[in-house]
1. Which condition breaks for Asp112 when tested against (1) acidic (Asp, Glu); (2) under 25 Å from Thr214 (Cα atoms); (3) more than 15 Å from ligand 2 (Cβ to nearest atom)?
2. Among the residues of segment 93-131, which ones are part of a helix (DSSP H, G or I) and of a type in the set (Gly, Ala, Ser)?
3. With the structure loaded, tell me whether Met172 is without any contact (Cβ under 8 Å) to a residue 40 or more places away in the chain, in a helix (DSSP H, G or I) and surrounded by 18 or more Cβ atoms within 10 Å (Cβ to Cβ) or whether it fails that test.
4. Before we move on, is Cys12 within 16 Å of ligand 2 (Cβ to nearest atom) and either surrounded by 19 or more Cβ atoms within 10 Å (Cβ to Cβ) or within 29 Å of His246 (Cβ to Cβ) (or both)?
5. When you look at Leu47, is it modelled with pLDDT under 90, outside any loop (DSSP other than H, G, I, E, B) and over 22 Å from Tyr146 (Cβ atoms), yes or no?
6. What are the pairs with Cβ atoms under 6 angstrom where one residue, in segment 92-115, is in the same structural domain as Cys16 (by TED's automatic domain parsing) and the other, located anywhere, is part of a loop (DSSP other than H, G, I, E, B) and more than 8 Å from ligand 2 (Cβ to nearest atom)? Sequence gap at least six, or different chains.
7. State the number of residues belonging to segment 71-89 that are out of contact with any strand residue (DSSP E or B) (no Cβ under 9 Å at 6 or more places or on another chain), within 16 Å of Gly25 (Cβ to Cβ) and modelled with pLDDT of 90 or more.
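The values are calculated or read from the model by the stated rules, or taken from the named source; none is laboratory data. The structure presented is a predicted model; accordingly, all values stated were derived computationally and were not measured. Here Cβ is always computed from backbone atoms with ideal geometry, including for glycine, and neighbour counts include all displayed protein chains.
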Amino acid sequence: MNTKLQDNVAPCGLVCYTCTGCNHGIIKELSGQLLQYLDGYEGLVALNWAESLPSVESCMKTLGFWESQNCPGCREANHQCQNKDCVIRYCTREHGIDYCAECSDFPCSKVDENNEFLLYWQAANTRIRDVGAARFFEENKSISQYIRYKQQNIDIRLATPADAEGMAEVHMRSWESAYKDIIPSDFIREKNATRPEQFRNMINVENNSHYVITVADRIVGLVVVDSSRDDDADDRFYEVHAIYLHPDYYRKGIGTQAMEFAYDKARRLGKSIITLWVLAENTNSIRFYEKCGFFTDGKTQTLNYGKDLVCIRMRKDLVI
Ligand code: SF4
Ligand code: SF4
C-alpha cells in the first residue's frame, strides 16, 4: 500500500504506522506474513513442541486479530481511534494543517487535562516542530507505540550534571513568563545570563535536593526540596525551595504532580509541615498553591529583585 507521511503520523503525533489497529501499519503487515509462513504448523507444534509452545493456537488467533485490523487513520471519517471526541483532529483540519506543530497557538489550552493524550501530544508535536514530521517518523517508526504512550507520564528524578543546561533553560523561560509584570526585565535578563553557569556549578554528583521533571526524556520542569531555611522552623518543617515549569507545560497537571512528589518526600522524612516562599505579587502561583491546600501563615520577608519585593510564606499541614 502506498502511504503518505500524514497517513503514518496522526495530527497528535501518534505513529499510526506502529499502531495495532492500523490498516496500513507494520503490525498488520507482519502479522499477515507470519500467518502465511506459519500456515499449517499447529499440528507439528502439537506433535513436537506441545510443552514448550502450549499457546500456539491463541498466538495464531492474536496474529489473525491484528491482521484483520482496519483503521485508516484519524484523518478519515471511519477512523477507530479510541479518542472519539478528539479536538486535535477537528482543529488541525479547521486550521488546514497536518500537525499542531504547525499552529501558531501550539501548545494551546484546547487540549486540556481531560485529554488522555495531552502530554504525548505535547512532546510529539514539540519534536515535530523542532525536526519536522519526516524525521520524527524516522525516529519513531521502529518503537512500540504503547511504550511511547506510556512514556507520556512525567518522571521526577534527581538531577545530574548532564541536566544543567535543560534546567537552566526551564528556569530562564519560567522567569520570563511568570515574572514579566513583577520583576524588572533588565534584572531578569541579567540573571538569566548567569543561569547556565549557575546550574553547571550547582548540580554536582552529591546533589540530593534538585530534581528534574521530564516528559518523554525532555526536561520540562524542576523542583527543589530540602530542609526549611527559616529560623522559626523546627524539625517538623520541610520546604519546597523552588518549583519551575517550562511555560509550554503550564496547566497540564504537572505542577500538582510535582507538589505531590514534594509531600511524599517530606512524609518519608517524617515531616508534617511543608512551606514555601512566593512573591506577594505572583497571584497566579498563590492561587495554584491555595488550590494545593497551602495557606499564608503571616511570615513575610523583603527581597531585592532589581527592586524591593515582598515575599510571603505559605504552609500546608501534611496528613501523615
Ligand atoms: S483522533 Fe486525536 S488522539 Fe486519535 S490519532 Fe487522531 S489526533 Fe490523535
Ligand atoms: S489550536 Fe491547538 S488543537 Fe488546534 S491546531 Fe492549534 S495547537 Fe492544535
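1. Every condition holds for Asp112 apart from (3).
2. Ala101, Ala123, Ala124
3. In short, yes.
4. On the way: within 16 Å of ligand 2 (Cβ to nearest atom): yes; either surrounded by 19 or more Cβ atoms within 10 Å (Cβ to Cβ) or within 29 Å of His246 (Cβ to Cβ) (or both): yes.
Considered against the rule, which asks whether it is within 16 Å of ligand 2 (Cβ to nearest atom) and either surrounded by 19 or more Cβ atoms within 10 Å (Cβ to Cβ) or within 29 Å of His246 (Cβ to Cβ) (or both), Cys12 comes out as yes.
5. Working: modelled with pLDDT under 90: yes; outside any loop (DSSP other than H, G, I, E, B): yes; over 22 Å from Tyr146 (Cβ atoms): yes.
So Leu47 passes the test.
6. What qualifies is Glu113/Gly253.
7. Keep residues of segment 71-89 that are out of contact with any strand residue (DSSP E or B) (no Cβ under 9 Å at 6 or more places or on another chain), which gives 74-77, 82-89.
Okay, now just the ones that are also within 16 Å of Gly25 (Cβ to Cβ), so 74-76, 82.
Narrowing the set further to residues that are modelled with pLDDT of 90 or more leaves 74-76.
Matching residues across segment 71-89 total 3.
Okay, residues lined up against (1) at pLDDT 95 or above; (2) surrounded by fewer than 18 Cβ atoms within 10 Å (Cβ to Cβ); (3) not in a loop (DSSP other than H, G, I, E, B):
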{"site": "Glu239", "(1), (2), (3)": "yes, no, yes"}
{"site": "Ala242", "(1), (2), (3)": "yes, yes, yes"}
{"site": "Thr256", "(1), (2), (3)": "no, yes, yes"}
{"site": "Glu260", "(1), (2), (3)": "no, yes, yes"}
{"site": "Ile286", "(1), (2), (3)": "yes, yes, yes"}
{"site": "Tyr289", "(1), (2), (3)": "yes, no, yes"}
{"site": "Thr296", "(1), (2), (3)": "yes, yes, yes"}
{"site": "Val319", "(1), (2), (3)": "no, yes, no"}
